[in-house]
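Contents: one structure, followed by commentary.
Values quoted throughout were computed directly from the atomic coordinates according to the rules given, and no laboratory measurement underlies them. Since the structure is predicted, the reported quantities are computational estimates derived from the model, not experimental observations. Note: ideal-geometry Cβ built from the backbone for every residue, glycine included; neighbour counts use all protein chains shown.
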Amino acid sequence: MTGYPSAPVHPARAILKGYRVTTGPSAQVVQLTCPSCRTPLRASIVTIVDAVQHPELKARLIAGQLNLAICPSCGMAIMISAPLFYHDAAKQLALVHIPQQLNARQEEQERFIGDAAALVMRTLPPNAPRAYLLAPRRFLTINSLIDAILEADGVSREKIEAQRQRVDLIAQLAEAAERGEEAFNALVEQQRDQLDESFFATLDAFIVASSQVGRDDSAQVLMALRQRLAEMVGFAGAGEEAALDTPDIATTEAVERLIAANDDELEGLIAELRPAIDYSFFEEWTARIDQAEQSGDRATAERLTARRSVILATVERMDREAQELFDAGANLLRAALDAADPATVLRERSDEINEAFMLVLHSNLAAAERSGQDHLTERLRAIEQLATQIVEESLSPEDRFISQLLQAETPQEATKLLRQNPAMITPAFVRRLNELAEQMEKNGRKPAGERLRQLAREAGVMLF
C-alpha cells in the first residue's frame, strides 16, 4: 500500500538487450532475488499491454499490480522494473515507459520500442491505422503513463488526483490500524468526509486486485479495514444513495455558464471551464437539448445543439494544441535527462522552456518523489533550478519584476514590493500587466489574470 521496493534491474535489462518482446499471456519468465530475504525466485514480466485484446492486463497496470512478484519465503511484494509498451487500437494510443534505473542505452531503448511496435502491427487488421505506432509517447515514470491512459478514458486530471488521494488515505488508515485503536479512530474522525462511495469503491478494487495476484494476506487486512470503516461511518446510507442521483454542481454550473455566454467570450470561457467539460458535462448538455425538444422549443434545441458542436470542436483543438506543447516539453525534458550537461541542452533550447515544459517537469518530479526514486528526483530538481534560472536571465527587467510580484507569498507582500520599486512603475509597465492578465484569462487561468489586474490597478494608482 505504501509503495513497493524495486527488484534487481538485471532481469529486465535482458529484455532491452535483445530478448524476445511478448504481449498478453505470453509473459517472459525471469530469475531474480528477493531484496528482503535474498531468496531466489522466478517471476513473469509483461512488456506489452494491449488494452483491446487483454483488458485484464490494463486493469492490473492501472491498479499497480502488473509485473508484481510475491516472495514465497517472506511474502514480500516486489515491483519489477521493466520496460513497457502500452497499446490501445480503439483510441490509437501507443505509450512507452522505460525505467530510468535500467540505465538503458538509447539504442537499446529504440530496439525495444521498434520490436514492440512491430509485434503490435502484426496483430492489427490489414486496413487498421498504424502511423501512431511509429511515434509512441514516452513517459519518464509509470505513474505519468497511467495518468495518460486514464485521461484517454475520459478521466480528468482532477479525478486522477482525487483517486491518488483516496489511495494515500487507504495506506494511512491501514498504517493507523496497525498503530492502535486511538490513532485509527482519530484519523477516521479527521478524514470522515472523505470516506464516501468513491473511497469504498477504490478500497474494494484494491481488495480484488490483491486477491488476483495471490496477496491473500493483504486482501484479508483490507477486508477487515473495510468492515471496520463501514461500521464506523455507516456506509451506504440513504443520504449517500440520494446524493448519487444529484447532478454534480460544478458540471451544472459549467453547462449554465456556457449556455449563457456570448459568442465572443465563448472560447475563453471554455478554456477556464475545461476541467469540468467531460463525459458528464456532455450528458447534462444533451439532457437540456432533449428537454427543449420535448417541450416543443425547437429554437432552443437547435441553438444548444450548434453550441455543443462548437464546444466539442474547441475542446478537441485545445487538447490537441496542449498535447503538442506537452509532447515538446517531454522531449526537452528527456533530452536534458539524457545529456551529460543538461545546462547546455536547456540553454541551446531556451525558447522551448515554457509553461508546458514546467508542467511536465513538475508532474514527473512529483511522480518520482511518490515512487521513491531519489536519484531521479535529485536530477529533476537540478533541471528545475536550471530552467528557472535560464528563464529569469532571458526576461526583460520589467517581466522579471512582474515574475517577482507573482511569486510573492501574499498580496500584501506584492504591494510592498511595488512600493519599494517606484522606478519600475511606468505607464508601459501598467499596460504590460493588463496584457498579461488578458493572456492568462484567455488561457483559462482566471485567478492569475485577476491577480495581474489587481497589480495593474495598484501600480496605476502609484503613477499619480
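Dividing the mean sequence gap of close Cα pairs (under 8 Å, 6+ apart) by how many residues the chain holds gives a relative contact order of 10 percent.
Scanning the chain for long hydrophobic helices, with DSSP H runs required to stretch 20 angstrom or more by C-alpha along their axis and to average at least 0.0 on the Kyte-Doolittle scale, returns 197-212, 216-233, 355-370.
Remark: the chain is approximated by an ellipsoid whose semi-axes, taken from the C-alpha gyration tensor as √(5λ), come to 40, 31, 27 Å, largest first. The distance from the alpha carbon centre of the range 133-207 to that of the range 317-335 is 26 Å, rounded to a whole number. As a quick test, which of the pairs K91/K159; K159/K446; K91/K442; K58/K446; K91/K446 have an alpha carbon distance above 27 angstrom in this structure? From the list (K91/K159; K159/K446; K91/K442; K58/K446; K91/K446), the Cα-Cα distance tops 27 Å for K91/K442; K58/K446; K91/K446. Taking 12 Å as the cut-off, the amide N atoms of the range 417-440 that come nearer than this to a point 7 Å along the Cα-to-beta-carbon line of A408 belong to 417-422. Once you reduce the range 57-82 and the range 395-427 to the center of their Cα atoms, the two points are 51 Å from each other. On the beta carbon distance between Q101 and Q190, with R0 = 35 Å, the FRET formula returns roughly 0.45. The DSSP beta bridges internal to the chain are antiparallel in roughly 65% of cases. Between R431 and N262, residue separation times 0.36 nm minus the direct Cα-Cα distance comes to 58.2 nm. Estimated from helices alone, the mean residue ellipticity of the chain at 222 nm is -20500 deg cm²/dmol (sum of -39500 (n - 2.57) over DSSP H runs with n ≥ 4, per residue). Summary of packing: across the peptides 58-65, 311-318, the per-residue average of other C-beta atoms within 10 Å ranks them, highest first, as 58-65, 311-318.
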